[in-house]
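I have placed the structure first, in the form of structure tokens, so that the comments after it can refer back to it.
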There are 2 protein chains.
Amino acid sequence: MRESLRQLAPYVTTKARGLPLHLNTNRLGVNPVIQRASQLLEKIDLSIYADRDAMPLRQALATHYDLGPEYFLAGNGSDEVFDLIFKTYLNPDETVAYPGPTYSMYRHYALTNGANAVEVPLDEAFDLKAQALVKTKAKLLVLCTPNNPTGNTLHAQSIEKVLRSGQLVVIDEAYAEFGGHDWIRAVRDFPNLMVVRTFSKAYGLAGLRVGYVVANPKLIEPIELVRLPFNLNAFSQALAAEALREQEFVRAYTRLIREERPRWAETLTERGFHVWPSQANFLLVAMPDGVERDLFVAELETKGVLVRTLGEHPRLRECVRITVGTPDDRAILLKAIDEVLP
Amino acid sequence: MRESLRQLAPYVTTKARGLPLHLNTNRLGVNPVIQRASQLLEKIDLSIYADRDAMPLRQALATHYDLGPEYFLAGNGSDEVFDLIFKTYLNPDETVAYPGPTYSMYRHYALTNGANAVEVPLDEAFDLKAQALVKTKAKLLVLCTPNNPTGNTLHAQSIEKVLRSGQLVVIDEAYAEFGGHDWIRAVRDFPNLMVVRTFSKAYGLAGLRVGYVVANPKLIEPIELVRLPFNLNAFSQALAAEALREQEFVRAYTRLIREERPRWAETLTERGFHVWPSQANFLLVAMPDGVERDLFVAELETKGVLVRTLGEHPRLRECVRITVGTPDDRAILLKAIDEVLP
């Protein structure tokens, strides 16, 4: 086994069944494109390989964003896209740095690709300290905005400072549809910027596993060389391309999140949780005084509600992450919480 | 860009349309499981992630092979599975060795994961020289049987010699259904053996991108740690599991190949091609005297028939690989060849 893997911890999520408020998936439901899935399937010959380069999907993305298809590369979820970026741009023992606490998988991609991972602390308000990040001189910098699991959008000015350093920067915009700045436009101005997006959250297609990176073609080309040909299956390619036309659904869902988010924050605050400001489809909350987190999460699970514990990060030890959902979801969550809290 | 990537050549296949005899896909057509695809889709909620560990598919494989699910790990095609194996078991600068000429992607997986790739020549009959391979002392040995693109099955005795060396061995059985030994049973006896299989060839589901590795659970566990959670989308998982029940289709297709293969070989030999013995669903053929390969392939393409050129390997410079298909495919191919040949 590769040496760098010895530090690797398995990705832990519950496999229990229940109201899924633990993976930040779309609680409005699945993308309505699913109604055309059988029709799309009829046009696909699954006995042959799908387009080697996912070109029809990239064309659809190009039209959607008004950029050329050469600005895009698609993969099996943003996870594969990140893995490809890390594999392409990091020599063994080079370093990737990111402000944290943040998405735990950045460390995974780094270690599995033989690179080092350095977390630079976010400030007290979980905002970005640009200079500290740049000063790491890491080969690759990763910014998640809105940041998972803290929920806040990193300040645009700080991000620009990071971009102006000229270092390679990846911005993970998994939650960008829910609030804050859109950095995709900036790839024209910053040849060192890669923006990663997903169909798993706002588009309601987590089960399809499609993500993509947008960047200057000069940054895409080397990743293209590393990407395994035919990496994306025919059905995921076709359905994702078609889902880009379902903007009304995306708007309805992001509207739901904007309406519900303050209500969830308010009722949780009333029950003694500390709730951080969020511009994503989830809330970071700290336990009320005297409530033990892991016990709380386990008891909530027995009531049929799944929320996400956040491991042993020193700043998250008393925290859970809760996916915002529908008014019905809120009622179910609060009922369960009221049964569980002392 | 990572240093080791500078030696990397892009994977080249034609994107022309025509009779696809270039990618060894199923010419009997798509797996009949496709008739149940819409029904399966109705049971899948694509708004949530599929099973993180593809457990239902691994259970189906376990039942099919009468081994526990812990013997299996699934990925997006055998390509992803190989990439995971290489990433798990090779430190940077360690070496993978394989008898060649063989599948060009082994070198790709090695280089993209910072490892070295060494080809040990197959003998005159394209059979395995076990001792030469073992003597490389490479960290990982890869055997493809039946071998792509030569078509022959590597001798079981030679493979056993390699296995008895105790070195880590991966056997790529992408074409195992068409002839020769089945090494999956041997994973119980050899704790150093991993066998890789695919749904892209005999199962007629290339567009679905599902492959898997079978091995002693002690070899699977470290790969499991490296594998990205949720790597396999919900639809591919469900359809592949269901496709295992379509053994009558697999039998009909392998019967077709066994019947057609000698006919294709005979007519090609009559036209002056040298045809190597094959136990796969394709033939390796060398050009008749005086026929320039790349020109031949290009002209065949203008007639609507796609075959595979095999790059610049010194032993394949005059060779093409042709996927065996139906009697109709044979008629179309021969008509095109007769138009093209001088």
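The values are calculated or read from the model by the stated rules, or taken from the named source; none is laboratory data. This is a predicted model, so every value here is computed, not measured. Note that each Cβ is placed from the backbone with ideal geometry, even for glycine, and that neighbours are counted across all protein chains shown. For accessibility, only protein heavy atoms count, side chains too; no ligands or nucleic acids. Shrake-Rupley method; radii C 1.70, N 1.55, O 1.52, S 1.80 Å.
Tabulated data for the structure shown
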quantity: Note, ³J(HN,Hα) from phi for segment B:176-185, Karplus 6.51, -1.76, 1.60, rounded to Hz, x at Gly and Pro; calculated: 5, 5, 8, x, x, 5, 10, 8, 4, 4
quantity: Estimated FRET transfer efficiency (A:Ala298, A:Glu248; beta-carbon r; R0 56 Å; 0.05); calculated: 0.90
quantity: Global geometry of segment A:136-271, whether rounded, prolate or oblate, following the gyration tensor of its Cα atoms and the 1.5 cut on a/c; calculated: oblate
quantity: Cβ-vector label at 7 Å, B:Glu339, separations to other copies in nm; calculated: 7.2
quantity: FRET E, pair B:Arg255, B:Glu312, Förster distance 30 Å, beta-carbon r, rounded to 0.05; calculated: 0.25
quantity: Placed amide H near A:Val170: partners under 5 Å, 5+ positions off or other chain; calculated: A:Leu141, A:Val142, A:Leu143, A:Met194
quantity: Overall dimensions of segment A:82-214 by Cα: Rg and Dmax, Å; calculated: 13.8, 39
quantity: For A:Val120, residues with placed amide H under 5 Å, excluding near neighbours; calculated: A:Tyr98, A:Gly100
quantity: Area hidden from solvent between A and B (accessible, protein heavy atoms only, 1.4 Å, total, Å²); calculated: 5500 Å²
quantity: DSSP bridge pairs, the protein assembly as shown: antiparallel proportion in percent, nearest 5; calculated: 50 percent
quantity: Stokes-Einstein D in µm²/s, Kirkwood radius over Cα pairs - segment A:96-160 at 20 °C with 1.002 mPa s viscosity; calculated: 181 µm²/s
quantity: GNM top mover of A:Arg251, A:Arg227, A:Arg36 - chain A, alpha-carbon springs below 10 Å; calculated: A:Arg36
quantity: Ratio of the Cα radius of gyration of segment B:1-86 to 2.2 N^0.38 Å, where N counts its residues; calculated: 1.51
quantity: A:Arg185, B:Arg261, ranked by accessible area, largest first (probe 1.4 Å); calculated: A:Arg185, B:Arg261
quantity: Average beta carbon contacts from partner chains per residue of A:203-214, 10 Å cutoff; calculated: 5
quantity: Per-residue [θ]222 nm for chain A (sum of -39500 (n - 2.57) over DSSP H runs n ≥ 4, rounded to 500); calculated: -10500 deg cm²/dmol
quantity: Loop GluC sites (Glu not before Pro), segment B:103-199 (other Cβ atoms within 10 Å of the site Cβ: 11 or fewer; DSSP); calculated: B:Glu124
quantity: Rounded to whole Å, sorted largest first: equivalent-ellipsoid semi-axes of segment A:294-342, Cα gyration tensor; calculated: 20, 13, 8
quantity: Average projection area in nm² (convex hull over Cα atoms of segment B:223-291, one quarter of hull surface); calculated: 8.1 nm²
quantity: For B:Val12, label point 7 Å along C-beta direction: distances to other copies, nm; calculated: 5.1
quantity: Shielding score for A:196-202, defined as the mean number of other chain Cβ atoms within 10 Å; calculated: 1
quantity: Anisotropy class of segment B:201-341 from Cα gyration tensor, a/c 1.5 cut; calculated: prolate
quantity: For A:Gly68, label point 7 Å along C-beta direction: distances to other copies, nm; calculated: 5.4
quantity: Heavy atoms of A:Ile34 accessible to a 1.4 Å probe, total area in Å² rounded to 10; calculated: 50 Å²
quantity: Residue-normalised accessible area of the protein assembly as shown, given per residue in Å² at a 1.4 Å probe; calculated: 37 Å²
quantity: Cα centroid separation - segment A:52-119 against segment B:1-29, whole Å; calculated: 22 Å
quantity: Rounded accessible area of B:Glu299 (nearest 10 Å², 1.4 Å probe); calculated: 70 Å²
quantity: Amide H contacts of B:Asn216 (H built 1.01 Å from N, under 5 Å, at least 5 apart or other chain); calculated: B:Leu193
quantity: Cβ neighbours within 10 Å from other chains - mean over A:261-271; calculated: 0
quantity: Chymotrypsin sites (Phe, Trp or Tyr not before Pro) lying in DSSP loop within segment B:2-97, provided at most 15 other Cβ fall within 10 Å; calculated: B:Tyr11
quantity: Extension reserve of the B:Ala125-B:Glu3 stretch, reckoned as 0.36 nm per residue once the Cα distance is removed; calculated: 40.3 nm
quantity: The protein assembly as shown - Kirkwood radius from inverse mean 1/r over Cα pairs (Å); calculated: 26.4 Å
quantity: Label-point separation in nm, B:Thr14 to A:Glu70, each point 7 Å along Cα→Cβ; calculated: 2.5 nm
quantity: Fraction of accessible area attributable to carbon and sulfur, segment B:213-342 (%, probe 1.4 Å); calculated: 52 percent
quantity: Convex hull volume per residue in cubic angstrom - Cα atoms of chain A; calculated: 142 Å³
